[in-house]
Amino acid sequence: MAWAAEFFDMFAANDGLRIAPLREDHATFGTPTYIWAVIAEGRLFVRAYSGAASSWYRAALREGAGQVHLAGQVFDVRFVQMDEAMTPAIDAAYRAKYPSSPYLAPMVSARARGATVEVLPA
């Protein structure tokens, strides 16, 4: 399943995506965490600044499901490991969205690239 065009419109108009993977009990969600997210080739991706050691990243891969919060709405989602072929497009999307941020270089580093997941609607 893919995101509806309306979701991408909402995403473009709001900077403040928060992510909440399921916890190990498979019933409760983690604390929503602000995350840098980008659209690359019509797909939603997020990266962990701290790399694979990030708790939300580990939970997202382990549980494969959770929620994203955007513009006052909550969406149930699935998390999947990114396709490595998408790396250049994802890097380009981060550079385009956050060109002047001092955090850009770490977000396009090997550490963050290795902790990238695609976010799909549940």
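The values are calculated or read from the model by the stated rules, or taken from the named source; none is laboratory data. From a predicted model like this one, the values you see are computed outputs, not experimental measurements. Counting neighbours? That spans all protein chains shown, and the Cβs are built from the backbone with ideal geometry, glycine included.
Assorted remarks:
- Qualifying residue in the stretch 15-22 (condition: among the small types (Gly, Ala, Ser), out of contact with any Lys or Arg (no Cβ under 9 Å at 6 or more places or on another chain), surrounded by 13 or more Cβ atoms within 10 Å (Cβ to Cβ) and modelled with pLDDT of 95 or more): yes
- Residue list for the stretch 62-86, filter: assigned to a helix (DSSP H, G or I) and either touching an Asp or Glu at 6+ places or on another chain (Cβ under 6 Å) or surrounded by 15 or more Cβ atoms within 10 Å (Cβ to Cβ) (or both): 63, 86
- Evaluation of residue 12 against (1) touching a residue at least 40 places away in the same chain (Cβ under 8 Å); (2) touching a strand residue (DSSP E or B) at 6+ places or on another chain (Cβ under 9 Å); (3) loosely packed, with under 12 Cβ neighbours inside 10 Å (one fails), failing number: (1)
- Taken together, the residues in the stretch 24-59 that are surrounded by 15 or more Cβ atoms within 10 Å (Cβ to Cβ) and in a loop (DSSP other than H, G, I, E, B) amount to 7.
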